[in-house]
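The values are calculated or read from the model by the stated rules, or taken from the named source; none is laboratory data. These numbers were taken from a predicted model, which means no experiment stands behind them. Note that we place each Cβ from the backbone using ideal geometry, even for glycine, and neighbour counts take in every protein chain shown.
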Amino acid sequence: MTNNYFSHKTAVLDAGCSIGEGAKIWHFSHIMPNCIIGDRCNIGQNVVVSPQVVLGNNVKVQNNVSIYTGVICEDDVFLGPSMVFTNVINPRSAVIRKEEYQKTLVRKGATIGANATIICGNEIGKYALIGAGSVITKSVKNYALMIGNPAKQIGWVSEYGHRLNFNDDGFAICMETNEKYQLKNNNVNKI
């Protein structure tokens, strides 16, 4: 561990974790061994980061989030308050399934809203936006806007999180940045 990060006095940092420069770890959070927290991450209050979890740079984890073994978040991911990851499809208290942990990959810039649930074994595409309270049961495309239980795609968003309205030629412009996006073959790319 480097010493160029902030850790609240009530946080627990286990030996063997890696914490990047400029990271902040707040009240009552537990950072477990063999996890990696990138530079400038902000870990809110009452967060658990389990062994082998990887958080890229500038990941924001809001209060009351548990990030279980098998989760990888790329740079600039936002995890909303009390959102939930899982890592076993069929958990049972009396059955040990540590060898069955499934991977969940959250791509660069994705946002997962408050109280959303991400079922393990899925990939959340880059810059996707998962609405508050949604339950993700399958992989999510880049820039997709997902809501509901189970979550359904209702549109597309820009890298700044604004709804994209595509014209008849398949082009849209972000209302905040004027960046252009193209919808082709049911996939979105920034031009």
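Once segment 43-56 is narrowed to residues that are in a loop (DSSP other than H, G, I, E, B) and either of a type in the set (A, V, I, L, M, F, W, C) or touching a strand residue (DSSP E or B) at 6+ places or on another chain (Cβ under 7 Å) (or both), the residue that is farthest from Thr111 (Cα to Cα) is Ser50.
Matching residues to (1) outside any strand (DSSP E or B); (2) modelled with pLDDT under 95; (3) under 10 Å from the mean Cα position of the chain (by Cα):
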{"site": "Asn58", "(1), (2), (3)": "yes, no, no"}
{"site": "Asn63", "(1), (2), (3)": "yes, no, no"}
{"site": "Thr69", "(1), (2), (3)": "yes, no, no"}
{"site": "Ile72", "(1), (2), (3)": "no, no, yes"}
{"site": "Pro81", "(1), (2), (3)": "yes, no, no"}
{"site": "Gly109", "(1), (2), (3)": "yes, no, yes"}
{"site": "Asn115", "(1), (2), (3)": "yes, no, no"}
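Of all the residues in segment 148-173, those that are without any contact (Cβ under 8 Å) to a residue 24 or more places away in the chain, part of a loop (DSSP other than H, G, I, E, B) and under 13 Å from Leu129 (Cβ atoms) number 2.
What about Met175, is it over 16 Å from Gly113 (Cα atoms), of a type in the set (A, V, I, L, M, F, W, C) and out of contact with any Leu (no Cβ under 6 Å at 6 or more places or on another chain)? Write out each step before concluding.
Details: over 16 Å from Gly113 (Cα atoms): yes; of a type in the set (A, V, I, L, M, F, W, C): yes; out of contact with any Leu (no Cβ under 6 Å at 6 or more places or on another chain): yes.
Judged against the criteria, Met175 is a match.
Quick one: in segment 5-42, which of the residues that are out of contact with any Gly (no Cβ under 8 Å at 6 or more places or on another chain), outside any strand (DSSP E or B) and charged (D, E, K, R) is surrounded by the fewest Cβ atoms within 10 Å (Cβ to Cβ)? Among them, the one singled out is Lys9.
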